[in-house]
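Report on the following structure.
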Amino acid sequence: GLNRIFKPAPYGAEEPKNESTANLVQNAGGERCWSATTVLRMNDKSYSVQLDGKELTPSIIDQVFGRPIRVNVAGSVMAKVAENRNQLDQLIKQDRPFYGINTGFGSLCDRKISPDRLETLQENLLMSHAVGVGEPVPDDIVRLMMLFKILSLSRGHSGVRPQTLETLVQMLSADLLPVVPSKGSLGASGDLAPLAHLALPLIGRGMVRTNGRTTKAAEALAESDIQPVKLGAKEGLALINGTQFMSAYGAALCLRACRLCKIADILAAMSLEAVRGRTEPFDVRIHTIRPHPGALTVAHNMRELLSDRPLAPSKPYGVRVQDPYSLRCVPAVHGATRDALKHVEKVTYREINSVTDNPLVFEGAILSGGNFHGQPLALTLDYLAIAGAELASISERRQYLLVNDSHYGLPAGLVSNSGLNSGFMIAHYTSAALVAENKVLCHPASVDSISTSGGQEDHVSMGATSALKCWQIVDNVERVLGIELVLAAQALEFTPAVELAPTIRHAFETVRQQIPVADGDREFGIDIETATSLVRSQAVTRAVEDSIGSL
């Protein structure tokens, strides 16, 4: 349902206690194997995913993201891959041109390649297309790129040999992660440059990261007793065509955004409690007659977070007739982000489970199409960027209410002896700066296109740019929400603990275990970094959910 928010635990978070709940199943080929709808915890760090023809789901990526991944491909799947390769081999014996198989690429598609040069053609393709630049893609994203490429090839329409697919599986399972520069993809003929860097180590070229060090791929393969492959016809093209760069970022961004939706609701409730705000805006009757699913969920969460509020003799609740929009309209704003995220997730996982290279091999036919074009992801990643940025935008407005004494009677800057102490005034400035940066980053990359390859590739999606921008926006949102966590906890210091809603008090106490109260000015930048880590690790979210259930 729409209220499902995942509970991933990458970046060193606490390991799940029980991962052996999957059941052995018998697939259509009669094999006993683990269903692809489950993951098995293999040791303290890695998980094993069995690919047996079923789809990868958000719950699987939720569990494997941030950890080494071991992959097993069912025998029936490998048999399908082998049969598809046999069909390709039979078809290319005909004296007919097939794009990228016995012809050049892009604008060179009319150049026929002799049969004795087809292997060289594929190796040249990887080397010539590995021209990405910029900072390396994070290891967690590279793992997903490899997993999604394996999944796409295992569908049995890409014409690769089983041994090539198995070598890619061995690399991922050994956590040999290709070094992939982050920039260079237009998101049109798939993510050509990033995927070329991803594929280079298969042939013993390029660089990989393993055990925290970067080394030559040939050396790392030898150390892991993995033999590089000699590419056959079409295999290089199958490896570098596809949307796995965009979809890997998309899957990871969906997970991160889901976490932010939860902590954003908690922070809104903490800030509202700190200023003794009104709870009428969360009444179920209001939202039933405008039943956007996300708003209904957020209103429910706010009611749960603020339930059992005790009488507050020191500062009665609801002194104002109405609160500002940043408090009163939390269900509308946070809920719209949840609804947008649900749509993005649906498109992203449809893409992950699709075949996105070109040309595609069917029984008796090799068909050239455009499944590699990243437009579906480009549009949704731009949408997610905008939706995610709004969580920071409304948070910054709540922070403004907290640090300015003219609104709710809290001390200026949220510290005593204002003047001598600036307090958290400049921390709010930082949030404002990040929100302003997000406004620039939210300009959609998907509205742009640059014709390339001599006009053959005359419309591109720019989806890779959408992904990288969205990643930066989510980083900024995490920091803005971290700042609100510091400010909201500090503001709650001016209300007796016994007057707080129990769940808010629980969240407050969790923060105080890591961030002490500020009696005056100190290095608040350290507090902000700690709070951002609390946001990313979901420590506060887990503490709250232990009290009232899933948000």
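The values are calculated or read from the model by the stated rules, or taken from the named source; none is laboratory data. These numbers come from a predicted model, not from an experiment. Note that each Cβ is placed from the backbone with ideal geometry, even for glycine, and that neighbours are counted across all protein chains shown. When the accessible area is computed, the model is the full protein with side chains, heavy atoms only, and any ligands, DNA or RNA have been set aside. Shrake-Rupley method; radii C 1.70, N 1.55, O 1.52, S 1.80 Å.
Identify, by number, the condition in (1) under 27 Å from VAL347 (Cα atoms); (2) open to solvent by less than 20 Å² (accessible area, probe 1.4 Å); (3) touching a helix residue (DSSP H, G or I) at 6+ places or on another chain (Cβ under 8 Å); (4) at pLDDT below 90 that THR37 doesn't meet.
Single failed check for THR37: (2).
Here are the criteria: (1) open to solvent by 30 Å² or more (accessible area, probe 1.4 Å); (2) charged (D, E, K, R); (3) under 30 Å from LEU153 (Cα atoms). Tell me which single one ASP283 does not satisfy.
Going through (1) open to solvent by 30 Å² or more (accessible area, probe 1.4 Å); (2) charged (D, E, K, R); (3) under 30 Å from LEU153 (Cα atoms) one by one, ASP283 breaks only (3).
For SER224, are the conditions met, namely being over 18 Å from the mean Cα position of the chain (by Cα) and in contact (Cβ under 8 Å) with a residue 40 or more places away in the chain?
yes
Out of GLU135, GLU166, which single residue is open to solvent by 40 Å² or more (accessible area, probe 1.4 Å), over 21 Å from ALA79 (Cα atoms) and either of a type in the set (Gly, Ala, Ser) or touching a strand residue (DSSP E or B) at 6+ places or on another chain (Cβ under 9 Å) (or both)?
Values: GLU166 fails: over 21 Å from ALA79 (Cα atoms).
Checking each option against the conditions leaves just GLU135.
In the range 175-221, what residues are surrounded by fewer than 24 Cβ atoms within 10 Å (Cβ to Cβ), closer than 30 Å to PRO444 by Cβ, among the aliphatic types (A, V, I, L, M) and without any contact (Cβ under 8 Å) to a residue 60 or more places away in the chain?
Within the range 175-221, VAL179 is the sole residue that qualifies.
What is the one condition in (1) in contact (Cβ under 8 Å) with a residue 24 or more places away in the chain; (2) of a type in the set (Val, Ile, Thr); (3) farther than 19 Å from ASP175 by Cβ that THR288 does not satisfy?
With (1) in contact (Cβ under 8 Å) with a residue 24 or more places away in the chain; (2) of a type in the set (Val, Ile, Thr); (3) farther than 19 Å from ASP175 by Cβ applied to THR288, the lone miss is (1).
Only residues that are open to solvent by less than 20 Å² (accessible area, probe 1.4 Å) and in a helix (DSSP H, G or I): list them for the range 350-367, please.
ILE352 - this is the single residue of the range 350-367 that is open to solvent by less than 20 Å² (accessible area, probe 1.4 Å) and in a helix (DSSP H, G or I).
Would you mind telling me which numbered condition in (1) at pLDDT 75 or above; (2) open to solvent by less than 10 Å² (accessible area, probe 1.4 Å) ARG155 fails?
Just one mismatch for ARG155, condition (2).
Could you please give the count of residues in the range 61-83 that are touching a Ser or Thr at 6+ places or on another chain (Cβ under 7 Å) and either part of a helix (DSSP H, G or I) or open to solvent by 20 Å² or more (accessible area, probe 1.4 Å) (or both)? Walk me through it before giving the result.
Step one: of the range 61-83, the residues touching a Ser or Thr at 6+ places or on another chain (Cβ under 7 Å) are 67-73, 77, 81.
Still in the running and either part of a helix (DSSP H, G or I) or open to solvent by 20 Å² or more (accessible area, probe 1.4 Å) (or both): 68, 70, 72-73, 77, 81.
Total satisfying the criteria: 6.
Looking at VAL480, VAL460, VAL474, which is the one that is under 17 Å from LEU414 (Cβ atoms), of a type in the set (Val, Ile, Thr) and in contact (Cβ under 8 Å) with a residue 12 or more places away in the chain?
When all the criteria are applied, what remains is VAL480.
Test each condition in (1) at pLDDT below 90; (2) in a helix (DSSP H, G or I); (3) open to solvent by less than 40 Å² (accessible area, probe 1.4 Å); (4) of a type in the set (Val, Ile, Thr) for THR120 and report the one that comes out false.
(3)
What are the pairs with Cβ atoms under 9 angstrom where one residue, in the range 123-146, is in a helix (DSSP H, G or I) and the other, located anywhere, is open to solvent by 70 Å² or more (accessible area, probe 1.4 Å) and modelled with pLDDT under 95? Sequence gap at least six, or different chains.
Matching pairs, first to second residue: GLU123/LYS230; ASP140/TYR11.
Condition first: exposed (fewer than 13 other Cβ atoms within 10 Å of the Cβ) and of a type in the set (A, V, I, L, M, F, W, C). Now tell me which residues in the range 509-551 satisfy that.
Matches in the range 509-551: VAL517, ILE526.
Would it be correct to say that ASN353 is out of contact with any Lys or Arg (no Cβ under 7 Å at 6 or more places or on another chain) and under 30 Å from VAL137 (Cβ atoms)? Lay out the reasoning, then the answer.
On the way: out of contact with any Lys or Arg (no Cβ under 7 Å at 6 or more places or on another chain): yes; under 30 Å from VAL137 (Cβ atoms): yes.
It is true that ASN353 is out of contact with any Lys or Arg (no Cβ under 7 Å at 6 or more places or on another chain) and under 30 Å from VAL137 (Cβ atoms).
Which helices (runs of 4 or more DSSP H) does the range 370-479 wholly contain that include 1 or more residues that are in contact with a helix residue (DSSP H, G or I) (Cβ under 7 Å, 6 or more places away or on another chain) and at pLDDT below 90?
Of the helices (runs of 4 or more DSSP H) lying wholly inside the range 370-479, those with at least 1 residues that are in contact with a helix residue (DSSP H, G or I) (Cβ under 7 Å, 6 or more places away or on another chain) and at pLDDT below 90 span 405-408.
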